Amino acid sequence: MTATKDVLVVGGGIGGLTLALQLERVGIPVRVLEAVPTLKPLGVGINLLPHASKELWGLGLQDELARISVQTSTAVFYNRFGQLIHSDPAGTAAGFPYPQYSVHRGELQMVLANAVRQRLGEDRLVLDARATSFADHGDHVSVTTADTAGQEQTWTGSVVIGCDGVHSIVRKALHPHEGGLLYSGYTMWRGTTRMKPFLDGASMIRAGWLETGKLVIYPILNYDDGTQLINWVAEIQVPQRSNRDWNREADDAEFLLPFKDWTFDWLNVPDMLTASPHVYEYPMVDQDPLSFWTRSRVTLLGDAAHPMVPRGSNGAGQAILDTRALADALVEEADSVTALSRYERERLPRTAEVVRTNRVNPPDALLREVYERTGDRPFEDISDVIPADEMRALLDNYRTVTGASLAAVQATSAQRP
Ligand SMILES: Cc1cc2nc3c(=O)[nH]c(=O)nc-3n(C[C@H](O)[C@H](O)[C@H](O)COP(=O)(O)OP(=O)(O)OC[C@H]3O[C@@H](n4cnc5c(N)ncnc54)[C@H](O)[C@@H]3O)c2cc1C
């Protein structure tokens, strides 16, 4: 069989589909092999910070993004008594050249999939193709897939990119003896509720603290009748109850208890939580950063490479940054093997730092500081609890680590529009 020059992308999630669009932009042939037989808009809300928005604008997706999202104006922090801790402008309101988007993860995946089909052709996104194994033949690679009926097919290409998410088979093959999942001690319950806007209709709220119950709340879609789809995530310290399954519906309503008194003049939290038609449960887990992603013609990208606890709006964002780095390396280096190792050198240390920072000092660490310093009691004056400079330093540090600072976005926009 003559090998094709296709980049074989295993997994058509946010990372795999964005990678396909990046490669099409630079003229590299690509085929995406996705396990599910039908793409459905699964998941709930995610946030794309300006560093990731920049890449999606570079792919010409800004109009589609505007259609399916809410542009976040502010990140606001409250304690569990509804007292304002800090308000931090976001996206264009903070002077970034690109917005911060709050968006339904599944709708974003649909936009990316449609763009792949239109730009690359229907046959370049293969559904019902679960990768079961792959092989590196020295001068080319092959991936074997199976459909739901068990029918196998083998695909050839120049390289294999494992974009197959948190249960990656490519990662498993590269690291068969890797340690298990690391449970953070917290589980999240996620839902969406259609309701009237709260605050300015574009704010992202973080409130409370994990030990007694924390909430993240933000609108992800505007409806014509003036209502919005509000995404919420309740995060609570509990022993681990479930494994990683993004689509697992919650068995009970225990998660409501910590929030039963959260009735603020700007939001009635219990009403919002109980009005969600579906509630999904997911343990906040990650894995230790890997020692390598790349072996010759095979590498990893996105959650397959660097699963992180979802506490800083960077899961999808870092996957999107990976796609740009990989596409640049593949187009600029003389051969694919060199390109894959350059990509690893560039992205592995940076994402490892994000994984580690998400464990201890993501933006919600601000809530921890207030919780601890006040002994979980209402405060008189927030500046007596934590000075404004300290709050800013904490948030700025996270932006720097993740490449999402204004300076970093401006610099990459100038170097690599
Ligand atoms: C169904 C689903 C719902 C999610 N919901 C949320 C959410 O609500 N909030 C949140 O923060 N994050 C959610 N995520 C995770 C989020 O999309 C990622 O953290 C982030 O976008 C990085 O994307 P990724 O492409 O690395 O992984 P993902 O977006 O997870 O994509 C991985 C893709 O690989 C496919 N795949 C897996 N194994 C194989 C295989 N052997 N062969 C071929 N294809 C394979 C999967 O079907 C999936 O399409 C969800 C992921 C999925 C798959």
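The values are calculated or read from the model by the stated rules, or taken from the named source; none is laboratory data. Being a predicted model, the structure only gives us computed values, none of them experimental. No Cβ is skipped: glycine too gets one built from the backbone with ideal geometry, and neighbour counts run over all protein chains shown.
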Where a residue in the range 4-24 is more than 13 Å from Val143 (Cβ to Cβ) and its partner, wherever it lies, is near the ligand (Cβ under 9 Å from one of its atoms) and in a loop (DSSP other than H, G, I, E, B), with Cβ under 7 Å and at least six apart: Gly12/Glu34; Gly13/Cys163; Gly15/Cys163; Gly15/Leu301; Leu19/Cys163; Leu19/Leu301
query: Which of (1) loosely packed, with under 15 Cβ neighbours inside 10 Å; (2) in contact (Cβ under 8 Å) with a residue 24 or more places away in the chain; (3) under 18 Å from the mean Cα position of the chain (by Cα) is the odd one out, the single condition Tyr398 does not satisfy?
result: (1)
Answer from Ala115, Ala135 - the residue that is outside any loop (DSSP other than H, G, I, E, B) and touching a residue at least 40 places away in the same chain (Cβ under 8 Å): Ala115
- request: Test Tyr78 against the stated conditions and say whether it is away from the ligand (no atom under 16 Å from the Cβ), among the hydroxyl-bearing types (Ser, Thr, Tyr), touching a Leu at 6+ places or on another chain (Cβ under 7 Å) and touching a residue at least 40 places away in the same chain (Cβ under 8 Å).
  value: yes
- request: Please find, within the range 298-310, the residue that is nearest to the ligand (Cβ to nearest atom) out of those that are in contact (Cβ under 8 Å) with a residue 60 or more places away in the chain and not in a helix (DSSP H, G or I).
  value: Pro310
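Filtering the range 223-272 down to residues that are within 16 Å of the ligand (Cβ to nearest atom) and at pLDDT 95 or above, which residue is surrounded by the fewest Cβ atoms within 10 Å (Cβ to Cβ)?
Top of the filtered list is Leu229.
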query: Which of (1) in a loop (DSSP other than H, G, I, E, B); (2) within 17 Å of Ala316 (Cβ to Cβ); (3) touching a residue at least 60 places away in the same chain (Cβ under 8 Å) does Glu55 not meet, given it meets every other one?
result: (1)
- request: Might you let me know whether the range 318-330 holds any residue that is modelled with pLDDT of 95 or more, surrounded by fewer than 16 Cβ atoms within 10 Å (Cβ to Cβ), away from the ligand (no atom under 16 Å from the Cβ) and not in a strand (DSSP E or B)?
  value: no
- prompt: Can you tell me how many residues in the range 312-345 are touching a residue at least 60 places away in the same chain (Cβ under 8 Å) and under 27 Å from Arg105 (Cα atoms)?
  reply: 16
message: Every residue in the range 357-387 that is surrounded by fewer than 12 Cβ atoms within 10 Å (Cβ to Cβ) and either in a loop (DSSP other than H, G, I, E, B) or in contact (Cβ under 8 Å) with a residue 40 or more places away in the chain (or both), please.
response: Gly375, Arg377, Pro378, Glu380, Asp381, Pro387
field: the range 116-130, subset in contact with a helix residue (DSSP H, G or I) (Cβ under 6 Å, 6 or more places away or on another chain) and buried (at least 20 other Cβ atoms within 10 Å of the Cβ), residue farthest from Thr156 (Cα to Cα)
entry: Val116
- prompt: Do we have Thr38 as part of a loop (DSSP other than H, G, I, E, B) and touching a strand residue (DSSP E or B) at 6+ places or on another chain (Cβ under 6 Å) here?
  reply: no
- request: Search the range 56-80 for residues being out of contact with any strand residue (DSSP E or B) (no Cβ under 9 Å at 6 or more places or on another chain) and not basic (Lys, Arg), and hand back the single one that is surrounded by the fewest Cβ atoms within 10 Å (Cβ to Cβ).
  value: Asp63
